[in-house]
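One structure is given below, encoded as structure tokens.
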Amino acid sequence: MLDTFDDRVDGPFGQVGTALLRRTLEPLLPPGGLVTSIEGMTPYETDGLAAYRSLPGAVALPETVPQVQAVLRACSALGVPVVARGAGTGLSGGALPFPGCVLLSLSRFNRILEIDAQARTARVQPGVRNLAISEAVADLGLFYAPDPSSQLACSIGGNVAENAGGVHCLKYGLTVHNILSLEVITVDGERLRLGSEGLDAPGYDLMALMTGSEGLLGVVTEVLVKLTPLPEVARVILASFDDVEVAAGAVAQIMAAGVVPAGLEMMDGPALRAAEDFAQAGYPKSAAAILLCELDGEEADVTEEIARVSDLLKRAGASEVRVARDEAERKRFWAGRKGAFPAMGRLAPDYYCIDGTIPRRALPRVLTEIGRLADAHGLGVANVFHAGDGNLHPLILYNSELEGDSERAEALGGAILELCVEVGGTITGEHGVGREKINQMCVQFTRAENDAFHALKAAFDPGGLLNPGKTIPTLARCAEYGAMHVHKGALPHPQLERF
Amino acid sequence: MDQTPALTEAVQAAAATHRPLRLVGGGTHEFYGRPVEGKTLSIAGHKGIIDYDPSELVITARAGTRLSEIEAVLMENQQMLAFEPPKFGPAATLGGAVATGLSGPRRPFAGALRDFVLGARILDGRGQALHFGGTVFKNVAGFDAFRLMAGAQGGLGLILDISLRVTPRPRLELALAFDLDSETARLKVIDLMRRPLPVSGAFHDGAQLHLRLSGGDAAVSSTARELGGEPEHLDVWGNLGNLTHPALSEGDCLWRISMAQTRTAPEDWGPVWDWAGGVRWVRQAADAPDLWDAAADLGGHATLFRGSRDKVFQPLAPAVLDLHKRLKAAMDPHGILNPGRLYEGL
């Protein structure tokens, strides 16, 4: 498992001991703002990737920007690594601490500082929950568009770190498309303003670079987000298919027809049956796959598009096409999709959610290959996709209490990600690399590309203190991993287990 | 035609001798930046569309490919570049568009060029070919170095190939003109933007407000009925984006001030704006005082679009400029790629 920091392949890691951390940091923080007891730190030992656990050296809970600056300056002086954490819902171990590091929690930065209805913006602290922004501006007829499935709990700072997407990003964009400016504290405590109140900024686009940088370049302390007018109506179509590949073909036809759905989701047989048992969404349990296609906008246009897409789906081979009759049925159709992950509990004691993106045209081939890889590893897989943007979430079913099952799940996950790279896709669409996919980075990027990532990081963080061991692998790690793997898709027998 | 080997050789030779290169595509955006002293390296011959599958909504092409060629191919498939890159001449290239990072009138409604870049293959300052991003919309592996190429003017890497997300053309598009003064028009547009209306352009030429509507038939028709105004030809929008509109083509100096659309500009900046009020275009005589501080006071930034060549872009905060220099050194350690194009010493 990757929750052990390995000095040999992750690089050197400064450790100064709890006593010195306490002596240095406690005076910089409010009362109770530094936690070093095991009981106090246990809630911070893992994030949304709960299989990985590790305790930090200390947990810092600053309340003001000067306190964040002071903690970063002190850690720089001590040479101690810092792992920033929002709500801890990330799925790739990006907020996983390592022994000796300082876990910097931004949870107390939980205020919406300003809502400007005229400018359609909100200035928020990083610990504000994603959904709380939309709730706060709903009565103005506005919303914050990115809607990761964890939006009830995840924080906007974490969304910036991961460049979070969501079901509706096909039409409304990712986090990077919905923010205007960031306040960032560098590792040496400098306060920077990136982006602007306007729609661009002079110089290099550092706001865009910061977005999705997973806590490796700086600590975000304020975000100016863009708000979007709520659409007049939203309606959803449920289409059933007897064949997964036919469903995949229908997705391509919708996209080629010039329709931009607000969401276009696909579930295969095992996933839709588990979701139906869990949420009673009204899915046809005998189907091999279903598509959910949501269209929103002006009422008459949505009515016209619903008719056009329904017709297109029938011609593309759907066995049944149903339009949600009312808002209650629309919510029910989505409840099944949103409950797909917890529904996996009915199929197996544990599931491991994978997150790759592929060009849509590769979908039939990748589905077939995933089935073959799953058989070779002796594990089941249920597939949930953000089909409109080619983002796959195969859910690997396993039982962590069975000897070797966890390792098999991890190996199967890695093989699926490498398959995504092989067909021209990527190892992560929205969950981030974090700790989880650090090895697969060696497959997606060449040594020179990976060196460039390290050089970019060093421009912000020369001592390598911000979230080390995550996101960009060291040369030593790739050399070790590469000894087992051939680079860039030239895997001779991808169906064989390699551990 | 793929000229990667020749371009690689040229960059490696320059790196070996520490001799700066002046990177040129179609040469149409030359005014947009400080002059570069160096050996001219033309990228215009490295051209051609590499991959385009309309159902993937992605086009990948070499940097020297002309924008007009890309837009024609997209048009055949009822698709477009939603950020409307300005073309300051027929020779404008894809690489030049990405390097300058400029977006047209649709920017406030559809997003910036940077938002549509999915991947880039570049040569860094050592002459190494690096590929960042890819051809898929959702991709968070590694830093988004491909987005960093947008607007970096080649200073962080010579752009070889670019993958862009493309957008279906709207089913209906029309243009309207209104006899409203600049301030009344700006406030009206701000009000309109609080509603989910199919607006895709809003600019004031000093005399009239011009609106463009794009989207489904019903939404565009009903909005046009509600707003009234005089129908006009859509050409006005092309002229605006390419700066050939009369409101922009006169005067010794042309300043572009980018700021929040809700900020009130000083009266002496004149009445002309685009981007729904988020960009003010200010024409001045050559000897008029500069606008750097005035722009910054309003939370915005200025660009000297036409006029002096020494200082073109808003000065950066010292800490931010230092960071720029470190990033430049990371990607181009010998400082050979378009040095000084954005700022002196960068």
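The values are calculated or read from the model by the stated rules, or taken from the named source; none is laboratory data. Fair warning: this is a prediction, and the values are worked out from it, not measured in the lab. Because the Cβ atoms are built from the backbone with ideal geometry, glycine has one as well, and the counts that use them run over all protein chains shown. Please note that ligands, DNA and RNA were not included when accessible areas were found on the heavy atoms of the full protein model with its side chains. Shrake-Rupley method; radii C 1.70, N 1.55, O 1.52, S 1.80 Å.
General remarks:
- Qualifying residue in region B:129-146 (condition: touching a Phe, Trp or Tyr at 6+ places or on another chain (Cβ under 7 Å), aliphatic (A, V, I, L, M) and not assigned by TED's automatic domain parsing to the domain that holds B:R280): yes
- Selection within region B:73-89 - assigned to a loop (DSSP other than H, G, I, E, B) and within 12 Å of another protein chain (Cβ to nearest Cβ): B:N77, B:Q78, B:A82, B:F83
- Scope region B:325-346; condition in a helix (DSSP H, G or I) and either touching a residue at least 12 places away in the same chain (Cβ under 8 Å) or more than 13 Å from chain A (Cβ to nearest Cβ) (or both); matching residues: B:K325, B:L327, B:K328, B:M331
- Top-ranked residue of region A:258-280 - restricted to ones that are small (G, A, S) and within 14 Å of chain B (Cβ to nearest Cβ), ranked as surrounded by the most Cβ atoms within 10 Å (Cβ to Cβ): A:G263
- Single match in A:G432, A:G463, A:G469 (criterion: assigned to a loop (DSSP other than H, G, I, E, B), within 11 Å of chain B (Cβ to nearest Cβ) and in contact (Cβ under 8 Å) with a residue 24 or more places away in the chain): A:G432
- Qualifying residue in region B:34-49 (condition: touching a Leu at 6+ places or on another chain (Cβ under 7 Å), away from chain A (no Cβ under 14 Å), free of Cβ contacts under 8 Å to residues at least 40 places away in the same chain and open to solvent by 20 Å² or more (accessible area, probe 1.4 Å)): yes
- Residue check for B:T184: surrounded by fewer than 16 Cβ atoms within 10 Å (Cβ to Cβ) and β-branched (V, I, T): yes
- Lone qualifier among A:A262, A:A271, A:A234 - being more than 17 Å from A:A318 (Cβ to Cβ), at pLDDT 95 or above and touching a His at 6+ places or on another chain (Cβ under 8 Å): A:A262
- Only a single item in (1) open to solvent by 20 Å² or more (accessible area, probe 1.4 Å); (2) in contact (Cβ under 8 Å) with a residue 24 or more places away in the chain is not met by A:E214, and it is number (1).
- When restricted to residues that are modelled with pLDDT of 95 or more and either part of a loop (DSSP other than H, G, I, E, B) or among the hydrophobic types (A, V, I, L, M, F, W, C) (or both), region A:28-52 contains 15.
Each row is one residue, and each column tells you yes or no for (1) among the acidic types (D, E); (2) farther than 23 Å from A:E214 by Cα; (3) open to solvent by 30 Å² or more (accessible area, probe 1.4 Å).
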{"residue": "A:V9", "(1), (2), (3)": "no, no, no"}
{"residue": "A:P12", "(1), (2), (3)": "no, no, yes"}
{"residue": "A:T24", "(1), (2), (3)": "no, yes, yes"}
{"residue": "A:L28", "(1), (2), (3)": "no, yes, yes"}
{"residue": "A:G33", "(1), (2), (3)": "no, yes, no"}
{"residue": "A:G40", "(1), (2), (3)": "no, yes, no"}
{"residue": "A:E45", "(1), (2), (3)": "yes, no, yes"}
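- The single residue among B:D287, B:D293 that is more than 8 Å from chain A (Cβ to nearest Cβ), modelled with pLDDT under 95 and open to solvent by 30 Å² or more (accessible area, probe 1.4 Å) turns out to be B:D287.
- Evaluating B:H131 against the criteria (1) open to solvent by less than 10 Å² (accessible area, probe 1.4 Å); (2) at the interface with chain A (Cβ under 7 Å from one of its Cβ atoms) leaves one unmet condition, (1).
- Among the residues listed as A:A479, A:A459, A:A483, A:A411, the single one being modelled with pLDDT of 95 or more and small (G, A, S): A:A459
- Listed by first and then second residue, the pairs linking a residue in region A:237-258 that is closer than 17 Å to B:Y52 by Cα and at pLDDT below 95 to a residue that is open to solvent by 30 Å² or more (accessible area, probe 1.4 Å) and in a helix (DSSP H, G or I), with Cβ atoms under 7 Å apart and 6 or more places separating them unless they lie on different chains, are A:A252/A:R361; A:A256/B:P54.
- In region A:329-386, the residue that is surrounded by the most Cβ atoms within 10 Å (Cβ to Cβ) out of those that are among the polar types (S, T, N, Q) and part of a strand (DSSP E or B) is A:T357.
- Screening A:A455, A:A479 for residues that are within 8 Å of another protein chain (Cβ to nearest Cβ) and surrounded by fewer than 19 Cβ atoms within 10 Å (Cβ to Cβ) leaves exactly one candidate, A:A455.
- Top-ranked residue of region B:207-228 - restricted to ones that are part of a loop (DSSP other than H, G, I, E, B) and open to solvent by 40 Å² or more (accessible area, probe 1.4 Å), ranked as farthest from A:A234 (Cα to Cα): B:A207
- Filter result for A:V71 (crowded, with 19+ Cβ neighbours inside 10 Å, in contact with a strand residue (DSSP E or B) (Cβ under 8 Å, 6 or more places away or on another chain) and under 24 Å from A:V128 (Cβ atoms)): yes
- Residue, nearest to A:G464 (Cα to Cα), within region A:44-97, restricted to residues that are in contact (Cβ under 8 Å) with a residue 60 or more places away in the chain and hydroxyl-bearing (S, T, Y): A:S76
- Test: residue in region A:165-174 that is under 30 Å from A:L465 (Cβ atoms) and either in contact with a helix residue (DSSP H, G or I) (Cβ under 9 Å, 6 or more places away or on another chain) or not assigned by TED's automatic domain parsing to the domain that holds A:L264 (or both): yes
- Scan of region A:281-302 for residues that are open to solvent by 30 Å² or more (accessible area, probe 1.4 Å), without any contact (Cβ under 8 Å) to a residue 24 or more places away in the chain and farther than 24 Å from A:D242 by Cβ, ordered by number: A:A300
- Total residues in region B:191-224, condition touching a residue at least 40 places away in the same chain (Cβ under 8 Å) and in contact with a Ser or Thr (Cβ under 6 Å, 6 or more places away or on another chain): 5
- Verdict on A:E449 being within 20 Å of the chain's Cα centre (by Cα), under 24 Å from A:A161 (Cα atoms) and either at pLDDT 95 or above or open to solvent by less than 30 Å² (accessible area, probe 1.4 Å) (or both): no
- Among strands (runs of 3 or more DSSP E) entirely within region A:97-197, having at least 2 residues that are within 14 Å of chain B (Cβ to nearest Cβ), under 22 Å from the mean Cα position of the chain (by Cα) and over 21 Å from A:T46 (Cβ atoms) singles out A:179-185.
- Test for A:L412: is it touching a residue at least 24 places away in the same chain (Cβ under 8 Å), open to solvent by 10 Å² or more (accessible area, probe 1.4 Å), assigned by TED's automatic domain parsing to the domain that holds A:T368 and over 19 Å from the mean Cα position of the chain (by Cα): no
- Test result for B:G307, among the small types (G, A, S), at the interface with chain A (Cβ under 7 Å from one of its Cβ atoms) and more than 30 Å from B:H131 (Cβ to Cβ): no
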